[in-house]
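One structure is given here, and the rest of the page talks about it.
The values are calculated or read from the model by the stated rules, or taken from the named source; none is laboratory data. Bear in mind that the values here come from a model prediction, so they are computed numbers and not experimental data. Here the Cβ positions follow ideal geometry from the backbone for every residue, glycine too, while neighbour counts run over all protein chains shown.
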Amino acid sequence: MDLKLFAVTFVAVFLAELGDKTQLATMSFAAGNRHALVLVFAASSLALVSTSAIGVLAGGALSRWLDPKTIKIGAGILFILIGLATLLLPDRKREAAFHRLTVELERYTVTEQCRTCAKFQATVRDMAEHDHPELRRPLQKLLMPPEAQHEPLGCDHCSADKIRALFERERPRTG
């Protein structure tokens, strides 16, 4: 076993990955899924090992037909394209998640029975504590003083439950 080749490869890949899009993507997934850090670690580790295996196999095969400089240029172009996609895609998901929440919240500004319900107001206050700038306006429009609220009516299709479930489902996407 060539320990020098092993050490050089390890150090080069380790240093290249520090602060690289792979590590940043992993950090992003971990931040948005704090309840599942072990799962994020396992998935990102498996992905890194798999892409390394593909890289070794592809590099070995391509070097039979292509000049290593051509392979490096192609890899650089692919790196730039993936970087651009990484920058653009999360914003669309975040925007879509906040749009779904805002549309649902706006619907209840006109439904007085839901808006004045103490259970619904508790949900609105809980969401406001997360202080998402995109939700401040619709949440402020929904907030009612305690004296204007009524006890929960036990509705079959409780708006507070629906909003809370939607918020919990969309929150990881709003990171």
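List of remarks:
- Counting only helices (runs of 4 or more DSSP H) that sit wholly inside the stretch 1-86, those with at least 2 residues that are touching a residue at least 60 places away in the same chain (Cβ under 8 Å) and not polar (S, T, N, Q) are 21-32.
- Pairing each residue of the stretch 148-165 that is in contact (Cβ under 8 Å) with a residue 24 or more places away in the chain and closer than 15 Å to Arg125 by Cβ with any residue that is part of a loop (DSSP other than H, G, I, E, B) and among the β-branched types (Val, Ile, Thr), provided the two are 6+ apart or on different chains, yields C-beta distances under 8 Å for Ala148/Thr116; Gln149/Thr116; Ser159/Thr111.
- Filter result (charged (D, E, K, R) and exposed (fewer than 11 other Cβ atoms within 10 Å of the Cβ)) within the stretch 1-48: Asp2, Lys4, Arg34
- Checking Gly154 against (1) more than 23 Å from His35 (Cβ to Cβ); (2) surrounded by 14 or more Cβ atoms within 10 Å (Cβ to Cβ), the condition it does not meet: (2)
- Filter pass, Ala165 being exposed (fewer than 13 other Cβ atoms within 10 Å of the Cβ), in a helix (DSSP H, G or I) and on the phi < 0 side of the Ramachandran plot: yes
- A single member of Phe41, Phe14, Phe10, Phe6 is within 30 Å of Glu168 (Cβ to Cβ) and among the aromatic types (Phe, Trp, Tyr), and it is Phe41.
- Filtered residues of the stretch 121-136 (kept if surrounded by fewer than 16 Cβ atoms within 10 Å (Cβ to Cβ) and in contact with a helix residue (DSSP H, G or I) (Cβ under 8 Å, 6 or more places away or on another chain)): Ala122, Asp126, Ala128, His130, Glu134, Arg136
- Test: residue in the stretch 58-75 that is under 16 Å from Lys21 (Cα atoms) and either polar (S, T, N, Q) or at pLDDT 85 or above (or both): no
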